[in-house]
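Participant: Quick one: the structure is below, questions incoming.
The values are calculated or read from the model by the stated rules, or taken from the named source; none is laboratory data. All values derive from a computational prediction rather than experimental measurement. All Cβ positions, even for glycine, are placed from backbone atoms using ideal geometry, and neighbour counts span all protein chains on display. Just the protein is used for accessible areas: all its heavy atoms, side chains included, with ligands, DNA and RNA removed. Shrake-Rupley method; radii C 1.70, N 1.55, O 1.52, S 1.80 Å.
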Amino acid sequence: MTQELHPSHRSDIRLAVACPMANEGHNASRFVTAVLEHCAGFRSAAFFAVLDRATTDNTRQILETLAASEPRLRVVWAPENRCVVDAYVRGYREALQSGADWILEIDAGFSHQPSDIPRFFETMAQGYECVFGSRFMPSGRMTDGSLKRYVISRGGTVLSNLLLGTRLSDMTSGFELFSRQALESLLERGIQSRAHFFQTEIKTYCRNLRIAEVPIHYHAPSPRLGSSALKDSFRQLWRLFRLRLKGEL
């Protein structure tokens, strides 16, 4: 069992933020600054901005300029990434290699609100191993998104809980905080999904850990959710369901 860490011990904790970024030049600096404002009081804090060939604007140049005056910002160029999951995993690995005790995952572009970050730290300090953001629990919300995206997210949560035996109010969202041990265990097991379902896959693997949810405000989600991502979701859901039937989850 993970030793409980109270807020008064924050000064002993090394924090890392993993954040894939693409074509965020218009607000990249403002977002990084806003996130880091909520990461004070730790022994150390580092923001890993992961960029790859999906970035076609000046985001990389803007962040490298900011990093020259903000030592907590690390710009990670990963041209070998083949999908969004690769970007997240690269961020996880960079965070672990930095020696972080807690790893916060957040999406750029203010779709996730930096002002929600303190809830994660306050909850994690109660002794949890993973804290997940939820749009659908009381006080959580999802605004300026399409009805299609809402239905898919809600439906995906209901179906995943039914088939996988999980009990979270939001199985498809990102914005998560992991202990070092929990994240290392996830990466050791391996993430097979190649699209957005990887968030559900992660939550499923964490089902036997000490986990909690906190409400988040998810603003203006990307409308892009192609047929290939949906096919990957159903394929991976069926794979996890079979593992559950075999008692391997």
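Participant: State all residues of segment 40-80 that are open to solvent by less than 30 Å² (accessible area, probe 1.4 Å) and either among the polar types (S, T, N, Q) or more than 14 Å from Met21 (Cβ to Cβ) (or both); if no residue qualifies, say none.
Facilitator: Phe42, Ala45, Ala46, Thr55, Thr59
Participant: Please specify each residue of segment 109-149 satisfying the condition of being among the small types (Gly, Ala, Ser), touching an Asp or Glu at 6+ places or on another chain (Cβ under 6 Å) and either closer than 27 Å to Ala49 by Cβ or surrounded by 17 or more Cβ atoms within 10 Å (Cβ to Cβ) (or both).
Facilitator: Selection gives Gly109, Ser134.
Participant: Given the criterion among the small types (Gly, Ala, Ser), under 21 Å from Thr200 (Cβ atoms) and out of contact with any strand residue (DSSP E or B) (no Cβ under 9 Å at 6 or more places or on another chain), identify the matching residue among Gly127, Gly133, Gly165.
Facilitator: Details: Gly127 fails: under 21 Å from Thr200 (Cβ atoms); Gly133 fails: out of contact with any strand residue (DSSP E or B) (no Cβ under 9 Å at 6 or more places or on another chain).
The unique qualifying residue is Gly165.
Participant: Moving on. When the residues of segment 181-206 are narrowed to those that are over 13 Å from the mean Cα position of the chain (by Cα) and open to solvent by 60 Å² or more (accessible area, probe 1.4 Å), which ends up modelled with the lowest pLDDT?
Facilitator: Checked segment 181-206; the qualifying residue modelled with the lowest pLDDT is Arg194.
Participant: Still on this structure, please answer the following. Checking Arg90 against (1) part of a helix (DSSP H, G or I); (2) more than 20 Å from Ser173 (Cα to Cα): exactly one of these is not met. Which one?
Facilitator: (2)
One line per residue, one yes/no per condition, for (1) of a type in the set (Phe, Trp, Tyr); (2) closer than 30 Å to Ala16 by Cβ; (3) modelled with pLDDT of 95 or more; (4) crowded, with 19+ Cβ neighbours inside 10 Å:
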site	(1), (2), (3), (4)
Val151	no, no, no, no
Leu159	no, no, yes, no
Ser173	no, yes, no, yes
Leu177	no, yes, yes, yes
Asn208	no, yes, no, no
Leu230	no, no, no, no
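Participant: Go through (1) out of contact with any strand residue (DSSP E or B) (no Cβ under 8 Å at 6 or more places or on another chain); (2) aliphatic (A, V, I, L, M); (3) touching a residue at least 40 places away in the same chain (Cβ under 8 Å) for Val151 and report which single condition fails.
Facilitator: (3)
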